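Q: Just passing along the structure, written as structure tokens.
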Amino acid sequence: MKIGSSALTSPVYVAPMAGVTDAPFRKIAREFGAGLACTEMISSEALVRRHRESFRLMDLGWDQRPVSVQLMGGDPGVMAEAAGADIVDINMGCPVPKVVKTSGGSSLLRDPDRACRVSEAVVGAVAVPVTAKIRLGWDAGTRNFLEMATRLEATGIQGLAVHGRTRAQRYDPFADWAAITQVRAAVGIPVAGSGDLRTADDSVRRIRESGVDAVMLGRGILGNLWLVRQTVARLTTGEVIPDLSWTEQIALIRRHGDLVLDYYGAERGPRLLRKFIAWGLRGFPGAARLRTMVQSVCSPEDVAEVLERAQAIDPGAYRSDADTFDDGSASSEAA
Ligand SMILES: Cc1cc2nc3c(=O)[nH]c(=O)nc-3n(C[C@H](O)[C@H](O)[C@H](O)COP(=O)(O)O)c2cc1C
């Protein structure tokens, strides 16, 4: 499939996730075959004010191309000025009050005219494809996803991602894939579906039932990046790839850790790694104590020690789905 002229190697996207989809995370996801990865959302206001940390979020030096950069904001002029990358994605779903107050994120769902002005401005400002990510509406009474999808398509966007919940629903209950199916049928541009994709079979079933062009993996890959590999294989060759053994999972966490330390350095890296290690150890019996220890990791040596201890406990191959899917949303500025 293609977004504009960018051909994607697989229909598996990595969802934009604030505090998660940084350069090391995207690098591993692409190595596992993801067709497209997206940065964390980046405030257009902060970019225009040349905020250093926001520029870091836009660092694409480690990325396989194409890569998508997600911008957040409600001011058409500022959004247009901030835009740049292979693909620019506009965030129209973030529910966080501080984002909504700036007219960005999901507040654009309440104001489709403004959403279209933002989209038009960004489409007009960049030579690369522009996409948008929406939720189903602001709340149960205003599920305007079909209006949003068709009007945004008319502004010239070249792809749409739909998270099958309203702003009011945040992350519960289950995503409404029937609504995503309706969006797929209503527009001609590629549509990616987002919500509750926890296994490769989930993605197969959702694509079959909804007709979406791509799946967007979110919380299902927190601590389980291997799901990218499994999903890509199921969707492209039909191959069923087993879950990782404990030893393999530790090796993956170690590799992720090495990349994070390399990217952020020995001072900042270990703290950033805490949640990733804790997520990675989730679901394996016997790992609960280690997860507590992870919370005080401060140095590369601490990281190495936790992983050595983890390696030593050998809890077998069991991995409980229920345990692996609690969210990251509580700990992050989730959209
Ligand atoms: C920790 C976290 C951070 C997120 N940050 C963003 C974001 O920056 N931009 C965005 O459009 N969506 C964001 N999302 C929403 C996801 O992209 C995705 O649409 C949502 O989690 C639904 O998929 P899931 O049920 O598979 O998790 C975030 C979600 C989580 C859990």
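Q: Within the set of pairs 6 or more residues apart or between chains, which connect a residue that is at positive phi and assigned by TED's automatic domain parsing to the domain that holds E40 inside region 205-217 to a residue that is surrounded by 13 or more Cβ atoms within 10 Å (Cβ to Cβ) and basic (K, R) with Cβ atoms less than 9 Å apart?
A: G211/R184
Q: Then there's this: Being in contact (Cβ under 8 Å) with a residue 60 or more places away in the chain, within 15 Å of the ligand (Cβ to nearest atom) and among the β-branched types (V, I, T) is the filter here, so list the residues in region 114-142 that pass it.
A: T131, the sole residue that qualifies.
Q: Hey, could you check region 1-18 for residues that are part of a loop (DSSP other than H, G, I, E, B) and over 18 Å from the mean Cα position of the chain (by Cα) and say which is nearest to A214 (Cα to Cα)?
A: This residue is M1.
Q: Now, a different point. Yes or no: V162 among the β-branched types (V, I, T) and either modelled with pLDDT under 95 or surrounded by fewer than 23 Cβ atoms within 10 Å (Cβ to Cβ) (or both)?
A: It is false that V162 is among the β-branched types (V, I, T) and either modelled with pLDDT under 95 or surrounded by fewer than 23 Cβ atoms within 10 Å (Cβ to Cβ) (or both).
Q: Considering only residues that are of a type in the set (D, E) and either under 21 Å from L259 (Cβ atoms) or in a helix (DSSP H, G or I) (or both), which ones fall in region 286-315?
A: Answer for region 286-315, where residues must be of a type in the set (D, E) and either under 21 Å from L259 (Cβ atoms) or in a helix (DSSP H, G or I) (or both): E301, D302, E305, E308.
Q: Restricting to region 33-44, give me the number of residues that are surrounded by fewer than 21 Cβ atoms within 10 Å (Cβ to Cβ) and of a type in the set (A, V, I, L, M, F, W, C).
A: Going through region 33-44 one residue at a time, the tally reaches 0.
Q: Search region 98-113 for residues being part of a helix (DSSP H, G or I) and modelled with pLDDT under 95, and hand back the single one that is nearest to the ligand (Cβ to nearest atom).
A: V99
Q: Could you please let me know if R65 is in contact with a helix residue (DSSP H, G or I) (Cβ under 7 Å, 6 or more places away or on another chain), basic (K, R) and either assigned by TED's automatic domain parsing to the domain that holds V12 or not in a loop (DSSP other than H, G, I, E, B) (or both)?
A: no
Q: Please state which of the following conditions A334 fails to meet, knowing it meets all the rest: (1) touching a helix residue (DSSP H, G or I) at 6+ places or on another chain (Cβ under 8 Å); (2) hydrophobic (A, V, I, L, M, F, W, C); (3) modelled with pLDDT under 70.
A: Status for A334: all satisfied but (1).
Q: I want to confirm something. Restricting to region 80-93 and keeping residues that are modelled with pLDDT of 90 or more and more than 14 Å from C38 (Cα to Cα), which single residue is farthest from the ligand (Cβ to nearest atom)?
A: M92
Q: Separate question: Considering region 4-28 alone, what residues qualify as being over 15 Å from L273 (Cα atoms) and either surrounded by fewer than 24 Cβ atoms within 10 Å (Cβ to Cβ) or more than 16 Å from the ligand (Cβ to nearest atom) (or both)?
A: The answer is G4, S5, S6, A7, L8, T9, S10, P11, K27.
Q: Looking at A168, A185, A179 in this structure, which one is in contact (Cβ under 8 Å) with a residue 24 or more places away in the chain, over 18 Å from the mean Cα position of the chain (by Cα), assigned by TED's automatic domain parsing to the domain that holds A132 and in a loop (DSSP other than H, G, I, E, B)?
A: Just one listed residue meets the conditions, A168.
The values are calculated or read from the model by the stated rules, or taken from the named source; none is laboratory data. All values reported here derive from a predicted model rather than from experimental measurement. Because the Cβ atoms are built from the backbone with ideal geometry, glycine has one as well, and the counts that use them run over all protein chains shown.
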